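Note sheet for the following structure.
The values are calculated or read from the model by the stated rules, or taken from the named source; none is laboratory data. Not measured: the values here are computed from a predicted model. Note: ideal-geometry Cβ built from the backbone for every residue, glycine included; neighbour counts use all protein chains shown.
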Amino acid sequence: MEESRGSKRRLVIVGGGIAGALLAKNMQFDADVFLVDPKEYFEIPWAELRSKVEPTFADRSIINHNDYFTNGRLVTSSAVSVTESEILTKEGRVIAYDYLVLATGHESSAPRTRNDRLEQFVEENQKIKSSNSILIIGGGPTGVELAAEIAVDFPQKKVTLVHGGPRLLQFVGPKASAKTLNWLTSKGVDVLLDQTIDSAGLSEEAKEFKTSAGETIHADCYFICIGRPLGSSWLRESFLKDCMDRQGRLIVDDSLRVMGKKNIFAIGDITDVAEIKQGFFAQKHAIIVAKNLRLLMKGMSEASLHKYKPGTAMAIVSLGRKEAVAHLPVITTIGCVPGKIKSKDLFVGKTRKQLGVEPRGGGT
Ligand SMILES: Cc1cc2nc3c(=O)[nH]c(=O)nc-3n(C[C@H](O)[C@H](O)[C@H](O)COP(=O)(O)OP(=O)(O)OC[C@H]3O[C@@H](n4cnc5c(N)ncnc54)[C@H](O)[C@@H]3O)c2cc1C
């Protein structure tokens with residue numbers, strides 16, 4: 001069991017994605033904070049696709065937790081269970097809490113260290129560079145952004161995108177899907193809709209791929225871009241199992257506390273808040289919960305807690321270095337105008353600044 005430091009309340013944050021990292025940064029001088037994450041670093045998720053075509057881009061989008069979380073305790077492990085008062089980690093560490101925040105958005109299979117993650121991008125870049133034809137499996141934001149990055153940076157390569165649904169980017173409106181399909185097609189990407197490829201048994205060396213519609217695709221390499229599972233399977237046997245919805249999301253009240261629990265909050269993609277799952281909203285959750293934790297730690301009443309209002313549907317999907325498709329509350333637009341907002345720096349400088357690290361600098 002971990003020793004307490006001084007008289008501060010013990011706050012345990014599980015998950016060091018965009019929600020958990022910002023909360024840890026904001027709370028580190030107000031509580032005895034533990035951040036539990038299987039990786040030693042925070043990674044800006046939507047910079048991943050640019051880092052595959054330009055590996056040095058990851059120097060700024062991967063930030064060691066210790067660079068912004070300087071006054072707390074980092075536990076580099078996965079949480080495997082939780083009780084009313086403790087978290088249990090994969091290595092058998094037991095961490096008691098006064099307050100708990102669950103921020104385990106999606107599962108990640110990324111390597112433990114920053115250097116290994118940077119090396120992985122170099123290898124993926126080699127894979128792209130040494131291939132004439134590339135297959136991308138999955139037409140959600142990850143598959144679309146990767147197809148676009150390759151089509152823009154390596155226009156001579158043959159890119160095929162296979163998507164199981166009737167339209168790309170199903171998480172936004174049909175107008176955005178249609179504009180994106182046109183854009184990709186105009187860049188020479190072959191898009192196959194309503195077809196799947198069984199990726200389960202594929203070997204790294206596979207060069208021939210059969211789709212569910214019986215088509216055969218030849219490609220020198222492939223990338224699987226289907227959504228990662230929610231990071232809540234570890235809660236299914238715990239005392240929080242009845243606080244989850246059918247998808248495995250944690251049911252929260254309007255102050256982002258887990259249903260019926262006074263000292264447990266959830267933030268980010270793991271919550272059932274009725275809004276598009278976006279890092280931008282996950283950061284808003286973190287800011288509200290930091291305020292609410294401070295109020296509770298000062299002994300303020302529950303009635304004083306700040307309420308979270310779900311965000312309106314909006315998303316920007318980058319299409320290479322200059323363009324993007326934006327699904328906004330009143331319009332859907334594609335091209336250089338939305339591209340100016342996201343596609344050059346992919347909000348990396350902005351996110352670094354929010355974490356209090358040098359916006360233009362690289363990591364350690
Ligand atoms: C291609 C793409 C582009 C996107 N573009 C944008 C954009 O432009 N703007 C925007 O706002 N959003 C964007 N998003 C959405 C955004 O990435 C997510 O909404 C955001 O990452 C959610 O943050 P999170 O902290 O809740 O979860 P995650 O980012 O999934 O982080 C979860 C963390 O928890 C850890 N974890 C998981 N299980 C455990 C466990 N058992 N124990 C301990 N730790 C655990 C993981 O390792 C990870 O560090 C994009 C997403 C994609 C895929």
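Return yes or no: is residue 303 more than 25 Å from residue 355 (Cα to Cα), part of a helix (DSSP H, G or I) and small (Gly, Ala, Ser)? Judged against the criteria, residue 303 is a match. When 74, 135 are screened for being in contact with a strand residue (DSSP E or B) (Cβ under 6 Å, 6 or more places away or on another chain) and buried (at least 21 other Cβ atoms within 10 Å of the Cβ), only 135 passes. Against the conditions (1) more than 15 Å from the ligand (Cβ to nearest atom); (2) in contact (Cβ under 8 Å) with a residue 40 or more places away in the chain; (3) touching a helix residue (DSSP H, G or I) at 6+ places or on another chain (Cβ under 9 Å), residue 295 satisfies every one except (2).
Total residues in the stretch 328-340 satisfying the condition of being touching a strand residue (DSSP E or B) at 6+ places or on another chain (Cβ under 8 Å) and at pLDDT below 95: the figure is 0.
Working carefully through the options 122, 94, find the one that is over 24 Å from residue 225 (Cβ atoms) and hydrophobic (A, V, I, L, M, F, W, C).
94
Restricting to the stretch 104-121, what's the tally of residues that are in a loop (DSSP other than H, G, I, E, B) and more than 17 Å from the chain's Cα centre (by Cα)? Give the steps one after another, and end with the answer.
Taking the stretch 104-121 first, the residues in a loop (DSSP other than H, G, I, E, B) are 104-105, 107-113.
From the residues that got through so far, the ones that are more than 17 Å from the chain's Cα centre (by Cα) too are 113.
Residues meeting the conditions: 1.
Could you tell me whether the stretch 221-231 includes any residue that is of a type outside the set (A, V, I, L, M, F, W, C), more than 16 Å from the ligand (Cβ to nearest atom) and more than 30 Å from residue 275 (Cα to Cα)? Yes, that holds for at least one residue. Sub-6 Å Cβ pairs linking a first residue in the stretch 213-224 that is acidic (Asp, Glu) to a second residue that is surrounded by 14 or more Cβ atoms within 10 Å (Cβ to Cβ) and part of a loop (DSSP other than H, G, I, E, B), at least 6 apart or interchain, are 220/131, ordered by first then second residue.
When you scan the stretch 329-344, do you find a residue that is within 14 Å of the ligand (Cβ to nearest atom) and in contact with a helix residue (DSSP H, G or I) (Cβ under 9 Å, 6 or more places away or on another chain), even just one? Within the stretch 329-344, one or more residues are within 14 Å of the ligand (Cβ to nearest atom) and in contact with a helix residue (DSSP H, G or I) (Cβ under 9 Å, 6 or more places away or on another chain).
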